[in-house]
Amino acid sequence: MPDVTLTTLNKLKQSGEKIVCLTAYDATFAHLECQAGVEVILIGDSLGMVLQGHDSTLPVTVDDMVYHTRSVKRGNRGALIMADLPFMSYATLEQAVSSSTALMQAGAHMVKLEGGGWLADTVTTLTRNGIPVCAHLGLTPQTVNVLGGYKVQGRDEAQAKALLDDARKLEAAGAAMLLLECVPSELGAEVTRSVQVPVIGIGAGSDTDGQVLVVHDLLGLSISGRLPRFVKNFMAGQPDVQSAVRAYVEAVKRVEFPSAEHEF
Ligand code: KIV
Ligand code: NA
């Protein structure tokens, strides 16, 4: 597979072929995911939960993200590497610039931040300085304490309109990609139609331009023994991890995942 760039992803959106994204936190998984055809590897701050055992993503630091980004970079074979800016690492423009610099120098090709239109200046500054930005909207786990729990977002009309507004503002500010988490499928489709940049979804229906999952969820691994509604255990019936990841890639490409049972 030739190196995946933003140009590749924009072409996929235009052609209607789904983009496959998956988290990885180390070299072995990064390598395995590339072999299976994953196009975008996300070093998610979900590592605070699945690797470190915290009950939220809030304790994750920029140093943690740098460590895992370096590891993923060594195993990567041509995927686009996206790294999360962790909690409170982009509260000011200065913080956003220094945190993003650290992630890019560790091997990321783009950074992801959580939040809406109020981050427009941040997105513009990073982009002008050579750092592409993905804006994560909908259920934003870093604000779980403000949201009052991990809940589906954009359910009523006012919330849906506000989210659509945020998406347009972030695109206008220069965001190269959007990520939508836990919103009704109809809203996922509307946002995807309303912007030119690729929209990756998790719990946002099958009409987004691509899908992302936490790799532990995909493999059916969970400390609590419960998996969220939008997750499918791709390990079921597969002989090995490589086959499970390949099954996920194929299911996304064929638009077989997500199906109605995984949607809101
Ligand atoms: O941290 C993460 O893994 C994420 C995905 C769930 C989108 O942000
Ligand atoms: Na994240």
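Some notes on this structure:
- Annotation note: Cβ proximity below 8 Å between a residue of segment 53-67 that is farther than 16 Å from Lys112 by Cβ and of a type in the set (Gly, Ala, Ser) and a residue that is open to solvent by 40 Å² or more (accessible area, probe 1.4 Å) and modelled with pLDDT under 95 (sequence gap 6+ or interchain) occurs for Gly53/Ile223.
- Residues of segment 39-48 include at least one that is within 30 Å of Glu256 (Cα to Cα) and away from ligand 1 (no atom under 14 Å from the Cβ).
- Condition check for Ile41 on (1) in a loop (DSSP other than H, G, I, E, B); (2) in contact with a strand residue (DSSP E or B) (Cβ under 8 Å, 6 or more places away or on another chain); (3) within 16 Å of ligand 2 (Cβ to nearest atom): one failure, at (1).
- Residue match in segment 21-29 (condition: in contact with a helix residue (DSSP H, G or I) (Cβ under 8 Å, 6 or more places away or on another chain) and within 26 Å of Arg193 (Cα to Cα)): yes
- Condition met for Ile131 (part of a loop (DSSP other than H, G, I, E, B) and within 17 Å of the chain's Cα centre (by Cα)): yes
- Top-ranked residue in segment 107-128 [being assigned to a loop (DSSP other than H, G, I, E, B) and on the phi < 0 side of the Ramachandran plot; ranked as nearest to ligand 1 (Cβ to nearest atom)]: Ala108
- Tally of residues being of a type in the set (D, E, K, R), under 18 Å from the mean Cα position of the chain (by Cα), open to solvent by 10 Å² or more (accessible area, probe 1.4 Å) and under 20 Å from Gly75 (Cβ atoms) across segment 1-44: 2
The values are calculated or read from the model by the stated rules, or taken from the named source; none is laboratory data. Nothing here was measured: the structure is a model prediction, and the numbers come from that model. Quick reminder, even Gly has a Cβ in these numbers, built from the backbone with ideal geometry, and neighbours come from all protein chains shown. Note: accessible area is taken over every heavy atom of the protein model, side chains too, but ligands, DNA and RNA are not part of it. Shrake-Rupley method; radii C 1.70, N 1.55, O 1.52, S 1.80 Å.
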